[in-house]
Amino acid sequence: MKVVIVGGVAGGATAAARLRRLDEQAEIIIIERTHYVSYANCGLPYYIGGTITDRNKLTLQTPESFRERFNIDVRVDQEVTSINRTKKQIEIHNLATDEIYTEAYDKLILSPGAHPVMPNLPGINSPRIFTLRTVEDTFAIAEYLEKVQAERANQALAQSKPLRATVVGGGFIGLEMAENLVDRAVHVAVLQRPNHLMHSLDPDIASLLHNRMREAGITLKLGADVTGFSETANEITTSFKNKGDETGATHQTITSDIVILAIGVVPENKLAKDAGLELGIKGSIKVNEHLLTNDPDIYAIGDAIETTQVVSGQPAHIALAGPANKQGRIVADHICGISRTFTGSMGSSIMKAFDLTVATTGISSKAAENAGLNFDSVIITPASHATYYPGAHTMTMKVLFERPTGRILGAQIIGRDGVDKRIDVLAVAIKAGMTAFDLTEIDLAYAPPYASAKDPVNMAGYVIENILEGTVEQIHWDKALAIAATDTNAVILDTRTQAEFDRGHIGSNKDYGEDTLHPIIHIPVDELRERLEELPRNKKLFVHCATGIRSYIACRILKQHGFNCVNIAGGYTFYQALHLDRNTETENIGDCGLKA
Ligand code: FAD
C-alpha cells in the first residue's frame, strides 16, 4: 500500500509515524512545502522572544531522522499543486528545482493546516507586515527585529528609540507574540476588533487578562477595526476605527517598526476545493467520523477540516495541535483496518500571559447562547493549594453549566498556579458528560503543597449544586448593578470587613466611572446576625463580599431569617477587575491598576 501525505507537521507527521508502526511494508511519502518537517509551531513565538534559543529545537524531526527511524520518504520544499482523483495521482512542484512531477497513491491524507487571514486592506503588502505560521516566518521576524535593533545600536538610538510593534489580533498567536516581543524589550500595542481578547473567553473574565497585559506595558486597543497600513522610510502606520470609543467611531493611527498580523486562520482548502471535495464551515474540508472526505481514498485532518464541537454538537473549525495529532493517529489506524472514530473537539486551550495562565475548555457563554442552551455560570476564586502552606495563589474560575441538569458545558480559568490541572480535570469531566453533582464527588489527590481537601474543581461543583438546589440564588455583576441602579426595591449589601470597605466599595471610586446611585448597605458578615434590623425586609438584597464565600454565608443567614437575597458572583475582586478594565479600554496603565 502506498500512502501519500500532504503536509508534514502536526497531523501529517503523526499519521506517518503511526502508519509505519502499524505497517512495516507500506510505502509512505510526506510532501511538505516548507523546508522543515515536524516543526514545533507552538514553540515559534518563544524563539522570537528568546526563551528558545537553539534553532534546531524548533524541529522535532528532520527528513533524515524520519528516513532512519521510520523509513519514511520526506520531501521538503515541495508543494502538492493538484489532485487527480480519477487517476489517484497528485501533481507536485519541487520548489527547489522547479521540477513538476506526479506521484500515485492508494490512500491520500491531507494535513495542509490553515493559513493566516490576510485582509484585503490598503498597504497590506508592506514588507514590515509579518504573519507567523512556519519556521521561515519565525526566522524572518527574528531577523527583521535584529536588523532594526542593530541599526538603532549603530546610531546610538537603542535606548532613546526602542523598537515598537503593532500586533493586530488578540487571539492566542497575537498574544503570545505580544508577550515575546515584550520579552525582547519591544514596545507593543495590540489591536483587537472585538471588545475583548481571546474569543474563547467571556468578556468579563477577559478583563483579568486585559489588566495583566496593560500592567506589562502593552497598549491595548479594543474594538479597533484596522482600515489600512501606510509606510514611511523607516516606519509603518496602522490606521483603525475605534468602535469602543464612547464618542462614536473615531479614526486613529499607531506607528511602529513592525506589524504582526494575527487575526485568525482559514483552512488551507485549495487542493480539496479544486479536486471537488466537499467543504463545510469556513471552507474547511468535510469529513466523516473516520476522517474520510467524500472520496473513499482521501482522508483529511487537522486545521484544514470541519469538526464537531462536542459540547454544543455543532459543526466547528477548531485549529489546535491536540486534535490534529489525535486525528493523525486515527487516520493511520483506519487505513490499517482498525475502525477508529473521531468524535469531535472540545477546544481545550491554554496560554501563558506573563505570570498568568489562561485556559479554556468546552464552550463560552456566547457559544452556549448560539447553541440555544439553557445555561448559567459560576465565578469562584479558589486558591491553588491550601493557603496555610506557602506559595498559594488564587485563580479565577468561571464554569458554565446547563440548567436544570447541571451538565458542565465549559470552563475558563485565569491564575498564576494550578490552572492547567483544573482545566484538564474539567475537560475530562465535560468529555465524560459529567454534571456539577459529579464534580462534587471526584476524588482528587490532595496534600497542602498541591491542592486543598476541597479542590477548586469540587468547589465549582458545590457552588453550582447550591444554585441548582436553591440553597442560594445567584446574580452576575452586570445584571445586579443594572437592577440596583433603576429598581428602588433593590439594595446592594456589602458584607466585607470595615477595613476592606474603607479601601474601596461600590460607588466609592469616581475614577472608575462608578454609578453612585446604587443604594448600598455595609454590614460585615460577622456582625450580620446582630444587625438584621438594619436591613429592609421588603427589598431584594444583592449581597457581595470580596470573592463570594462570605456573601454566600450571609445569604444563608439572611434566607433563614426570611430575607429576599441574592449572591453576586465573583465578589468585589471581580467587580474591580471588570471596572478597571472598562475604564482603561484604550489607554495604557502602569502598575497596580493606576492610570499612567
Ligand atoms: P500544520 O501543523 O500547520 O501543518 C501543515 C503543513 O502543511 C504546513 O507545514 C504547510 O507548509 C504544509 N502544506 C500546506 N499545503 C501544502 C501543499 N499543498 N503541499 C505541501 N505542503 C503543504 N495549537 C495548540 O494546541 N497549542 C498551541 O500552543 C499552539 N500554538 C501555536 C502557535 C503558532 C505560532 C501557530 C502558528 C500555531 C499554534 N497552534 C497551537 C496551532 C497548531 O500548530 C495547529 O493546530 C496544528 O499545527 C495543525 O496541524 P496540521 O497538521 O493541521 O497543520
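The values are calculated or read from the model by the stated rules, or taken from the named source; none is laboratory data. Bear in mind the structure is a predicted one, so any value in this text is a computation, not a measurement. Note that we place each Cβ from the backbone using ideal geometry, even for glycine, and neighbour counts take in every protein chain shown. All accessible areas refer to the heavy atoms of the entire protein, side chains included, with ligands and DNA or RNA removed. Shrake-Rupley method; radii C 1.70, N 1.55, O 1.52, S 1.80 Å.
Observations on the structure shown:
For (1) open to solvent by less than 30 Å² (accessible area, probe 1.4 Å); (2) within 18 Å of Phe375 (Cβ to Cβ); (3) in a loop (DSSP other than H, G, I, E, B), each residue gets a yes or a no:
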residue: Gly433; (1), (2), (3): no, yes, yes
residue: Phe437; (1), (2), (3): no, yes, no
residue: Pro448; (1), (2), (3): no, no, yes
residue: Gly470; (1), (2), (3): no, yes, yes
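- Verdict on Gly169 being away from the ligand (no atom under 16 Å from the Cβ) and either β-branched (Val, Ile, Thr) or in contact (Cβ under 8 Å) with a residue 12 or more places away in the chain (or both): no
- Sole exception among (1) out of contact with any Gly (no Cβ under 9 Å at 6 or more places or on another chain); (2) farther than 24 Å from Val167 by Cα; (3) within 14 Å of the ligand (Cβ to nearest atom); (4) open to solvent by 40 Å² or more (accessible area, probe 1.4 Å) for Cys42, by number: (2)
- Some residue of region 206-224 being part of a strand (DSSP E or B) and without any contact (Cβ under 8 Å) to a residue 24 or more places away in the chain: no
- Any hit, region 227-235, residues being open to solvent by 20 Å² or more (accessible area, probe 1.4 Å) and of a type in the set (Val, Ile, Thr): yes
- For region 188-205, residues that are in a strand (DSSP E or B) and in contact (Cβ under 8 Å) with a residue 40 or more places away in the chain total 2.
- Strands (runs of 3 or more DSSP E) lying entirely in region 302-387 (those with 2 or more residues that are open to solvent by 50 Å² or more (accessible area, probe 1.4 Å)): 349-353
- Residue in region 271-296 that is most open to solvent (accessible area, probe 1.4 Å), counting only those that are closer than 22 Å to Arg33 by Cβ and touching a Phe, Trp or Tyr at 6+ places or on another chain (Cβ under 8 Å): Val287
- Residue count for region 203-220, restricted to those that are under 17 Å from the mean Cα position of the chain (by Cα) and among the hydroxyl-bearing types (Ser, Thr, Tyr): 1.
- Note on region 400-418: among residues that are part of a strand (DSSP E or B) and open to solvent by 10 Å² or more (accessible area, probe 1.4 Å), the one that is nearest to Ala436 (Cα to Cα) is Arg407.
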